[in-house]
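Read the structure below first, then the notes.
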Amino acid sequence: MVRKGCKRCEVIPTVHEVAGKVYVFAPLDVLIARFEEAMRRAGYFPRHRGGVLFCQVDNFKGFLRRLIASNQFAGPEREDIQILFVPQGERLRLFHLQNLQPLGLYLDLVQGEAYLEIFQNGRLTIYFHPIFDVRTFDIVGYECLARGLREDGTLIPPRELFRFAERTDTLFFFDRVCREMAIKAAASKIPESKAIFINFVPGAIYDPRVCLRTTVEWIQQLSLAPSRIVFEVVETYRIEDLTHLKRILESYREMGFRVALDDFGTGYANLETLVHLAPDIIKIDQTLTRGVAKNPLNQRVLHSLTSFARESHIITLAEGVETQEELAYVRNLVDMVQGYYFGHPSQEPVQSLSPKLWEELSKP
């Protein structure tokens, strides 16, 4: 399993069906005892040396499948027990310790082979969600949204894919694949005059110049103007390292791209963050937009955010607009809108408002 350096976004971890020796480490003797008992029940013959449990296995993946079948390690102890596998023919060396991983990671990799296959083979499709100028209702851009495809053709929600990627430490790989597929799809389907919004996860980028290399290469190869590309932060939980995130956003800007903060008003996003990061665009979270016409608290928050953004020359986009009432309220506060009121994401980007919606919006 390749785990370190820039290869984390280029090589997906796998569990091989090869023989070798398994070493088991745990902070508590009771966990070691439980693991030893599970191994014996599965037909293995573990031994102890220096507080470490180890045994020879003829198939590492098969060994893990037997542990899964035993249903002995489905709780938090999965993360406390550490596993090291050394292939047959190799002697245990110091460098092998870089592959020491929680048992839970190995079990998730085996149980989630269908997900890994989706990541590995790029079995994803891109949907486009239009973004409108709030005054003219012209489409100014599209957000590119990745969806996984099961073997039967049904869609896998992005949150499900991201959760699996986080559990198996494949987020670096998955985030890169999604970015590149979005760029390729947008180059062939989105008109040249429209902006392309591409999501990225800051936690999947440790060095912008290294981790974004292939992304930038695809943009250049497809002759996309950097000014059309808007990279938006998708994490909704609080970012602990704002300095790192700022460095990523500055790297994007140096290359001529624009940057946006998604889900603003929740999680990490607050006025302090806005001042520190100074994005080009903020996408106001749907929890503030939804029902805003009848919610005085949301109205006050929305007025404060948009006033501050306007004074700071930051473009505002209201997400999650689903009703005419919500649109009527935000129309005088923000610059752009996006939401199901205008239509759902689609594989083929819509080119304009539907005639029915035009008629509805034209009413006094």
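The values are calculated or read from the model by the stated rules, or taken from the named source; none is laboratory data. The model shown is predicted, which means the values in this text are computed figures rather than measured ones. No Cβ is skipped: glycine too gets one built from the backbone with ideal geometry, and neighbour counts run over all protein chains shown. Ligands, DNA and RNA are stripped out before the accessible areas are found, and what is left, the full protein with its side chains, is counted by its heavy atoms. Shrake-Rupley method; radii C 1.70, N 1.55, O 1.52, S 1.80 Å.
Along the axis of the charge dipole computed for the chain (Cβ charges of +1 for Lys and Arg, -1 for Asp and Glu, origin at the Cα centre), the listed residues A165, H96, Q72 are led at the positive end by H96. Decide, for the range 243-364, between rounded, prolate and oblate: order the square roots of the alpha carbon gyration tensor eigenvalues as a ≥ b ≥ c, take rounded if a/c falls under 1.5, and otherwise choose prolate if a/b is larger than b/c, else oblate. Cα axes put the range 243-364 in the oblate bin. Across W358, W218, the residue with the most accessible area heads the list, and the full order at a 1.4 Å probe is W358, W218. Projecting the Cα positions of V140, F264, S188 onto the charge dipole of the range 136-291 (unit charges on Cβ atoms of Lys, Arg, Asp and Glu, taken about the Cα centre) puts S188 furthest along the positive direction. Computed over protein heavy atoms with a 1.4 angstrom probe, the accessible surface ordering of V140, V30, V216, largest first, is V30, V140, V216.
Roughly how many percent of the accessible protein surface of the range 117-219 is carbon and sulfur, given a 1.4 Å probe and a whole-percent answer? That fraction is 50 percent.
Taking a ≥ b ≥ c as the square roots of the eigenvalues of the alpha carbon gyration tensor, the range 97-201 is prolate, as a/c is not under 1.5 and a/b beats b/c. Helix 242-254 and the longest principal axis of the C-alpha atoms of the chain enclose an angle of approximately 60°. Evaluated with a Cβ-only charge set (Lys, Arg +1; Asp, Glu -1), the chain carries a dipole of roughly 920 debye about its Cα centre, given to the nearest 20. Loop-located trypsin sites (Lys or Arg not before Pro) in the range 126-158 (DSSP state not H, G, I, E or B) with no more than 13 neighbouring Cβ atoms inside 10 Å: R135, R150. A dipole drawn for the chain from +1 and -1 charges on Cβ atoms has a positive end, and of P345, L317, H48 the residue lying farthest that way is H48. Ligands, DNA and RNA excluded, the heavy atoms of S307 present near 50 Å² of accessible surface to a 1.4 Å solvent probe. Can you classify the range 1-131 as rounded, prolate or oblate using the Cα gyration tensor, where a ≥ b ≥ c are the square roots of its eigenvalues, rounded means a/c under 1.5, and otherwise it's prolate if a/b beats b/c and oblate if not? Prolate, since a/c reaches 1.5 and a/b exceeds b/c.
Show log10 I(q)/I(0) for the chain at q = 0.07 Å⁻¹, two decimals, from a solvent-free Debye sum over equal Cα scatterers. These q points yield log10 I(q)/I(0) values of -0.40.
Solvent-accessible area per residue in the chain equals 48 Å², computed with a 1.4 angstrom probe and all protein chains kept. Accessible surface ranking for H16, H313, 1.4 angstrom probe, highest first: H313, H16. Computed per residue of the chain from DSSP H runs no shorter than four, each worth -39500 (n - 2.57), the mean residue ellipticity at 222 nm is -11500 deg cm²/dmol.
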